[in-house]
Structures are given as structure tokens and as C-alpha cells.
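Structure first, then comments.
Coordinate-derived values only; no laboratory data. For clarity, every value in this text was computed on a predicted model and none was experimentally measured. FYI the Cβ positions are ideal-geometry reconstructions off the backbone, even for glycines, and counts take in every protein chain you see.
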Amino acid sequence: MGELKQSSTQIIEPGGSGGAQFATTRLEAVLAWAQKYSLFMYPFVTACCGMEFMAVSSPRYDFSRFGSEAPRFSPRQSDLLWVVGTITQRQAPILKRIYEQMAEPKWVLAFGTCASCGGFYDNYACVAGVDKVIPCDVYVPGCPPRPEAVLDGLMLLQDKIQSGNRTPSIVKPRQDPAVEQNLGLVQLRKSRTSVA
Amino acid sequence: MEPLDQELDEAELEMPTEPMLLNVGPAHPAMHGTVRCVMELSGEIIEHVDVQVGYLHRGFEKMCERGTWSQVFPYVDRCNYVSPMLNNVGFALACEKMLGVTVPERCQWYRMILGELARMSDHLTCDGAMAMELGAFTPFLWMIKAREMIWDLMEEETGARLTHSFGRVGGMASPPTEHLKENARAVVKHILSVIDECEKLLLGNRIFLDRLEGVGVISQADAISLGWTGPCLRATGIPYDVRKSSPYLKYGEVDFDVPVGSASDCFDRFMVRLAEMRQSARIVEQCCERMADSGPVNVSDPRIILPPKEEVYSTIEGTIQHFKIVMEGLKLPAGEVYSYSEGGNGELGFYLVSDGSGTPYRVRIRPPCFLITAGLERVITGAMMADVVPSFGSLNMIGGECDR
Amino acid sequence: MSKALIDLIKKNFASAVLETHALYGDETAVVEASAWKEVARFLRDNATASMDMLTDLTVVDFPEREPRFEIVAHFHSLTKGHRLRVKTRTGDSEGDDAEVDSLTDLWASANWLEREAFDMFGVVFRGHPDLRRILMYPEFEGHPLRKDYPADKIQPLIAYRDVPNIEKVAPFSVDEGMSFGRQTHSRSRHDTDDSQVN
């Protein structure tokens, strides 16, 4: 909110190429900020990763905390295409069509190994990764990926939206910060399940 | 536009009367997984539907022929991916039938505990998704929360939340953890309370009942002719459950009922699954009581089970055994076998053809929901467009199992 | 699976039964392709057999044999509780002329099961109301589960993107990736410090 006020006062300055450029950059930054925290997603769910997708959307790992709350079941109303699960050769034209129906700016998140690179389905029926048919921005590997990895992928995508970077990148595995700091969350989880 | 006060004979009016073709395409929010229904609609009534599956055909059966017998486990895991343990156990039982080995008692109880928890996870997902598609979002979230608890336990036991690949021919990949029983009991208790809460929310709701009762009806004769098994068949009134009719593992020794419906509509299918979760909870309790706390989990057969690492590094027999199993794959004798167990959707059968080498010759997975989806046509023809949503949800078509 | 069923079939179709066995407890009978439908109908209508469910119908490919395809059907009786496997053989070494009667008018489950068998193996079922591909797309050529179809031969429906390096598009190097978080795999392979690993 503070950011917004700042930029609006900058834009009022007329003329002055330096002033106008500064305003444009701030405007883009504000737009990017707005876009990244209000992603409307199209969940293109096909296979087992769909179960993890359900888990990520459920209250425990909630991705609506990150702003991507609303699944829009029409590609025309969404800007983030979640490709969840294996894409078979039969499904590829449909995926392409859905992608083409989305309006710019649009991003693609490949959820799972099958969507990223085909997984262990090196056969006649599957497409070895969604980037063979549509451009992809973030790859979240895993079979299925842990919900925390998916959230990392979402945060990574938000970083890329903010910086305007369209180079594809992968989510790397990392230690859970809570475990590192030894907050004892794992122990907490155990005691919760074993208390009557 | 014709004037409204003219007396016009219907035959004189030229009205287009061809039915509307609606493509409920492979990417659709109400379709669990990817199924395409090409419907001919006359108003809201569906005159004819062509159900097209195969959008998730991943070539499992062909891939199984390229590896060894134990490399089939990840593939069968991804068949019915909401209850992967049941698939693992089913395939392991098929291989063991061919080999003629019986796993130790402790392993049988362990398989039953994990299998029934997987079945509960399946039914929670199905019922939750059904409720969500009818607009009841809260029970879905509660059931997913309950499912998370099962998955936490699975993660403790097997290392993975969803596709564990934990079964092995002749046992399991690793023995049960020391907290298995207390965790299982706590999880089951919590799930029962979640089911109670969801029942309170849903079963008194007029809208929910109206949308499910009397919708998606199929006759018993049709269901049998279509080869339906599992909760969908039991909702038609036939008490066929593989665990009761041909008990495997220790199902003959535990006490549980088989819930059977009568009206064979969506509501009955919903309630049968809900009741089955309660029965699964009973089974898990009894297995926890009767499972020994120590003892071998894997059968001690050098042909099929990897030896412990200490033996591999210290004895020559261990090294040879390890080498043969890892490099050549475990060898099933030549022949064919059909083994069946109760999967999440019904009779999950494995027809294995072996030529005596370590590579499977043919692995046929008999998918229960392939035939159930074949019956979708019969179920929704003549119904209204809005009835497709609960009907299809109640059939629990899992794309991975249907298309393999 | 009961032996009585095998005897019943042998008695009624003595000329058509080629062999029987009971490997691993599964009673199996192999019949002539010409008698396939009569045997199936008999199994359904006979009071002793009363096979009301066709559990599974599939094909196994033996390319070095002639006839090449073995069509396997599993029957199950809900009322009596017994099961039976009946097989038949058809098809020449090229995979052509693989025809057998359809069982669609006896059991509704045969509809989709036979469509899958046709799709995967190319076995034609005479009298099937709607024999078309079910798991593969209509433009697919060949029958994938045959032993001579290579597993990784793809027939894409749409052209792949014309992007350089499409076989290896995603960045896999160490410095490409997340801007935040400690990267556990950011070290080089030769680093022997494995304290990162939990």
C-alpha cells in the first residue's frame, strides 16, 4: 500500500525523460507485485499429482496464503497454468489449446516430474515434459512433489514475476528451515498423532 | 419472429430439432481426472453419451515388460493412486501366488493395516470430492485434513506420502516402525470423528440429499453384466467383497461387515463408502491388537528377498544372492496366474504371464474402474446434465487405473 | 476354481477343447476359436456354471507361435463363487487375420474390454457394435502392446515446439534455480562433505 502511494505521486510529474522512466519502472514493479500476489490459477489436473495438488490446496499447506486462492476453471480468466500430472500424447493438443486460450501475461508451472520431464514414462504414450508443447516457467520435480516443494515453486514463480525474468527454472530440494533450527516440529507432529 | 397471437400449427413451424452436441472435454473441473464425454443433449436431458477414456494411458503394461518383477511396483502404485498400498499388496500377492510362498504373519497384519488405511484414504477422497462438487466445500477440507493424517503415518512407515512402492514380493520394503500401532489407533480415532462431523453436516442437508437420492440409478442386472465390483456393486444390493468371498491375508480372521446398499443410486454409493471407512477402522483396530511386535516381516527365501547388508559384505552366499536378485531380477516360474484382491474400487486383478526369466512377459492389470466407467453411459443416459456431476463422482473413476 | 467346470466343458465341447490345466489353482481351458462364443454362452446359461460376470478379457502376444495371439477370458460366478479361465488362439505370425467372435451380447463388460484388446493388439471381434480405439487416439497407427511395437516409438499428435535444445530445455546447472533458501545440491559433485544430507 505504501508502495502504491509512492508511485502515484511519481507519475504526476510531467515531462522529463528521467522522471518518466523512473515512473514506468515503478509502475511495472507495482503491477508485478499485484500480479504475483493475485495469481488466478487453472489447475490442469490429470494424474497422481492431483492428489498432492488437493493436499496443497487444503488448509494444512494452503497456497491461498500466497495469493493464488481462486482456481478459475476457464483458461480465459486465469493467468497461471498449473500442469499437474502426466501429459499423454493424446492430451497434448488439449493442453496446447488451453494454453493458447489464456490471455497474456501468463505463466506455466509444471507440477511433478511427469509434467517437467516425462518421469519414468519413456514410452509411446507420454510427452516427455510439458515444455515440449508449451513454454514453461517453473518446474517442480517430485513424484509426487512434497507440498513444501510446490510452495517453493510458487514462491519462485512469484520472484520471477516480480523481477520480470522469463528464464525457466527448477525448484531445488532444500532442508526445511524449521527442522534446521530444531524447532522440534517433527516431534510435535508425532506427539499430536499419538495423543489419544 | 412470428407474431404471438397467430394460430400456428406446430407442423408449419420450422424449428430446428437436432440435439445439441456438448463436449464435456478432457479438461473439465467436474471430471475426476481426464475423461471426455461427448453428449447429445435435448434441453437438459442427455439423449446419448460417448464416454472417451484413454487420456491418461501411460503404457504401464508395456513398461512392465521392460524391467524386472520388482520394478513393476512403482507402476502399479500409480494405478489407483489414492490407495496405492492396496495395489502394491495385490501385485505382491499375485507374485507370491506364482511362487507359492506365504509371507509371515506379521507381514500379513502389516499389509492389512496399511491397506485398510489406504482404503480409507481412497474413500475420504471420493466422498470429499463428491461433496465439494455439489457445493459442500467444508466436508471436503475436513476429509482432506483427515487424509493428511493417514499420509503422515504412511510417510513415517514407508517414506513417501502418496506413491510409496512399499510392497515387495515376499514381504515389505522395511519392517514396521515402533510407533505404528499407537499412530494407527490415533489416526483411526481421528478419522472416525471426522466422518461423524461430515455426516452431521451433509446428511441432514436437503439439497445434498435431493441431488444424490434417485440419481444415477443402475439396475443390478446391468451392474453384474458390466462387471462392476466394489462399492458401486455393493450399492446395488449385492454383497460381493473379495475379502469375504475369497479371504486373503488375514481377512478371514478379522471381524467386519460389508455395507450393502439397496437403491443403487449416488446416495447409496456415497453411504457405502462412508460405512466402509468405519469397517476399515474396525479392521485396523483388530490388526493392531493381533500383530506381533517383533518377528520377521519378509519371508526368508533367498530367491526373492535381498539379504541383510551385513551378510552381503561378509558372506559369499549373501553376495551371490544379492547379485542374482539385483542383476537378474527375481525369477518367477513359467506359467500364468490370476490373482485378485479388493482394491479401492473393487476387484483388482493381476493376470501375470511369466516365461521363467526375470522379465515379466505380460502383466495385465484388471482395473475395476475401467468397467465401472464403461457403465457411466448407462447411468447418465436419460438423466439431466446436472446429474452427471454427482453420478460421475460417485463412480470414483481414477484415471490412472482406468487408462493405465 | 473348481474342476467340475472343466469336466462340464469337456463333456459338452469335447471336440473344441484343445487343452486344460490347473496351474497355481486356476482352472484353465483352451478352446478352438470357432467355438469361442458357444462356450461362453454355455458358461453363462448353464445352471451349474452360471457365470454371470465376465471379469476380464485380454490378449497375450506370442510372436514366435502360430497362432500368435492368445485371447484370455476370466469368468466368475457371483452366485456359485467359482471362476474359470478360458483361452483361445488366433492370428498369424504377422498379426493379421486375428478374428474371434465378440461376446458383447452376452456380457456388457465385453464391450470395452474387447475395444481395449483391439486397440492394444489388433484382434478384431466380429459382431462388436463399436470396435474402435479406446486408450489410444484414433490417429495412432499400430498396436502398442504387440511385442514388435517398440515401446518408445512415439507418434505425436501435435508438433513439438521449435525451440533450440528442446531435448534438454530446463536449466539443470548449479546456479540456476531459486533465489532464496539454502541450496542443498549447490555443491559440486567432488565435495565430499555430506553434512548437508539429513
Do any of B:K244/C:K11; C:K10/C:K87; B:K97/B:K244; C:K11/C:K87 go past 23 Å between their Cα atoms, and which? B:K244/C:K11
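Hey, could you get me the Stokes-Einstein D for the stretch B:273-370, Kirkwood radius over alpha-carbon pairs, 10 °C and 1.306 mPa s, rounded to whole µm² s⁻¹? Could you put the intermediate results ahead of the total?
On the way: Rh = 17.0 Å.
Translational D for this selection: 93 µm²/s.
Note down, for the stretch B:60-403, the three equivalent ellipsoid semi-axes (square root of 5 times each alpha carbon gyration tensor eigenvalue), biggest first, whole angstrom.
37, 23, 16
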Taking Cα atoms of the protein assembly as shown, Rg/Rh with Kirkwood Rh, to two decimals? 0.99
Whole Å is fine, so just give me how far the alpha carbon centre of the stretch B:372-404 lies from that of the stretch B:68-142. 21
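Seen from all sides and averaged, what is the projected area of the convex hull of the Cα atoms in the stretch A:39-173, in nm²? Working shown, then result.
Numbers: hull surface 29.0 nm².
Mean projected area for the stretch A:39-173: 7.3 nm², to one decimal.
Quick one: dipole size for the stretch B:91-232, taken about the Cα centre, charges +1 on Lys/Arg Cβ and -1 on Asp/Glu Cβ, in debye to the nearest 20. Could the numbers behind the result be given before it?
Values: 14 positive and 19 negative charges, 42 e Å.
That gives a dipole near 200 debye.
Taking Cα atoms of the stretch C:3-168, Rg/Rh with Kirkwood Rh, to two decimals? List each step's numbers first, then the result.
Details: Rg = 18.6 Å, Rh = 17.3 Å.
Rg divided by Rh gives 1.08.
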Toward the positive end of the charge dipole of the protein assembly as shown, about the Cα centre and with charges on Cβ (Lys, Arg +1; Asp, Glu -1), which of A:A149, A:A110, B:W228 goes farthest? A:A149
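Would you kindly give the portion of the calculated P(r) for the stretch B:130-229 that falls above 17 Å, as a percent of all Cα pairs? Kindly include the intermediate steps, with their values, before the conclusion.
Working: 3336 of 4950 pairs.
For the stretch B:130-229, the fraction of Cα-Cα distances above 17 Å is 67 percent.
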Dipole of the stretch A:39-173 [Lys/Arg +1, Asp/Glu -1 at C-beta], most positive-end residue of A:S64, A:A92, A:S169: A:A92
Pick from B:S394, B:S225, B:S83 the residue whose mean-square fluctuation is largest in a GNM of chain B, springs joining Cα atoms under 10 Å. B:S225
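With +1 on each Lys and Arg Cβ and -1 on each Asp and Glu Cβ, and nothing else charged, work out how big the dipole of the protein assembly as shown is about its Cα centre, in Debye to the nearest 20. Write out the running numbers ahead of the final one.
Details: 82 positive and 109 negative charges, 484 e Å.
The dipole of the protein assembly as shown has a size of about 2320 debye.
Which entries of A:K96/A:K160; A:K36/B:K189; A:K132/B:K331; A:K106/B:K62 have Cα-Cα distances beyond 32 Å here? Walk me through the numbers before you get to the answer.
On the way: A:K96/A:K160 23 Å; A:K36/B:K189 41 Å; A:K132/B:K331 38 Å; A:K106/B:K62 37 Å.
Result: A:K36/B:K189; A:K132/B:K331; A:K106/B:K62 exceed 32 Å.
Enter the mean number of other protein chain beta carbons within 10 Å of the beta carbon of each residue in B:237-246, as an integer. Numbers along the way, then the final one.
Numbers: counts 0, 2, 1, 4, 0, 0, 0, 0, 3, 2.
Shielding by partners across B:237-246 averages 1.
Which value, in debye to the nearest 20, describes the size of the charge dipole of the stretch A:39-173 about its Cα centre when Lys and Arg Cβ atoms bear +1, Asp and Glu Cβ atoms bear -1, and nothing else is charged?
Details: 13 positive and 12 negative charges, 47 e Å.
Charge dipole, the stretch A:39-173, about its Cα centre: 220 debye, nearest 20.
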Span from the the stretch A:23-90 Cα centroid across to the the stretch C:114-153 one, whole angstrom: 37
Compare the Cα positions of B:M112, C:L8, B:F208 along the charge dipole of the protein assembly as shown (+1 at Cβ of Lys, Arg; -1 at Cβ of Asp, Glu; about the Cα centre) and return the one farthest towards the positive end. B:M112
In degrees between 0 and 90, to the nearest 10, how far off the longest principal axis of chain B does helix B:180-202 point, with axes built from Cα atoms? 10
Of all DSSP beta bridges in the protein assembly as shown, antiparallel share, percent nearest 5: 70
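Quick one: C:K80, C:K87, fewest Cβ neighbours within 10 Å first, how do they rank?
Numbers: C:K80 15, C:K87 19.
Ranked by crowding around the Cβ, least crowded first: C:K80, C:K87.
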